[in-house]
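Structure, as structure tokens:
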Amino acid sequence: MADWLALVIGNSRWHWAWFQEMNLRWVGHAPHRHQSPATSLNTLLPDHAPPELHAISSQPLTVWAVSVVPAQRAYLNRPLNVHWIQQLPLKNIYPTMGLDRRVSLWGAGQHYSWPVLVIDSGTALTFTAGADASFKGGAILLGLRSHFRALHHYTAALPPIEPPTDLPPPWAMTTPDAIQSGVLYPLLAGIHHYIQTWQQQYPNTNLIFTGGDGEYLHRLYQTYLQQQNQVLHNRTWFDANLMFWGIAAYRNEATREL
């Protein structure tokens, strides 16, 4: 099977994936680069990459890449065989829609089947919906940790607070608990609202959480749902690799046409 690499250059890190055809073998992360451009894959891959990958990376492996930070593209020098993905066969997108949202939606739809709703939790919390390989709309709001940082930054007395391990009591008796309650319950209620609204149009939809806080919010949402809707409870998943599935699906179609 052919070995190849997927790369997502995000806002703070490089995200690597090693594939053998459509089989995902390994995922790793590295901080943004600030040194001179690399001339070999071995100097780009994280130190914790598998020895087998380092062994084959001296061969001319192809990299299929997506970047949301244009300046970081300069660190991939020309001797490397890099295919930069700019467009996807996703219909009905608007011109300023983020490439990361498009790739994640494409990956969710191709890997899990359409219709699908992607809930991506990072600095921002985004909802991206699609059906029949077409974008159907979405929303963007502050992400989980951005809420906590904003309350501390824009007030004189509220302390910096981290998200709790589990759902806090809704009626808090301390300031930290009150902040956690005030952030989490409206956020989960908002997630539930968007999911329900989408499900009214597409009852048999897939609901995929992703992003840095995606696993955490997915777990809390499952707890929140236990008394709300068992059907939804059984149709939500967490997948950290949606963008890699999107890249893999794009590569699969592109190489099939060659």
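Values in this text are rule-based calculations from the coordinates and carry no lab data. Here the structure is a predicted model, which means the values were calculated and not measured. Cβ: placed from backbone, ideal geometry, glycine included. Neighbour counts: every protein chain shown.
Quick notes on this structure:
- Gain upon complete extension [Asn42, Val69; 0.36 nm per residue less C-alpha separation]: 7.6 nm
- Spin-label model distance (nm) - Ala240 vs Met97, 7 Å beyond Cα toward Cβ: 2.7 nm
- A Cβ-based charge dipole, computed about the Cα centre of the chain with Lys and Arg at +1 and Asp and Glu at -1, lands at about 500 debye.
- Dipole magnitude for segment 3-84: computed about the Cα centre from +1 point charges on Lys and Arg Cβ and -1 point charges on Asp and Glu Cβ, it is near 300 debye.
- The chain: angle of helix 99-112 to the longest principal axis, Cα-based, in degrees nearest 10: 90 degrees
- Rg followed by Dmax, in Å, when segment 3-84 is reduced to its Cα trace: 11.6, 32
- In segment 1-140, the ratio of gyration radius to Kirkwood radius, Rg to Rh, stands at 0.98 when only Cα atoms are counted.
- In degrees, nearest ten, helix 214-225 long axis to first principal axis of the chain (Cα): 30 degrees
- Likely footprinting exposure, Tyr154, Tyr75, fewest C-beta neighbours within 10 Å first: Tyr154, Tyr75
- Our estimate of slack between Asn204 and Arg25, defined as 0.36 nm per intervening residue step minus the Cα-Cα distance, is 61.4 nm.
- Spacing of the two label points (7 Å from each Cα toward its C-beta) at Tyr154 and Gln87, in nm: 3.9 nm
- Over the chain: Kirkwood hydrodynamic radius from C-alpha pairwise inverse distances, Å: 19.8 Å
- Residue-span extension gain [Ala178 to Glu52] - 0.36 nm each, minus C-alpha spacing: 40.4 nm
- Normalised alpha carbon radius of gyration of segment 155-248 [divisor 2.2 N^0.38 Å]: 1.25
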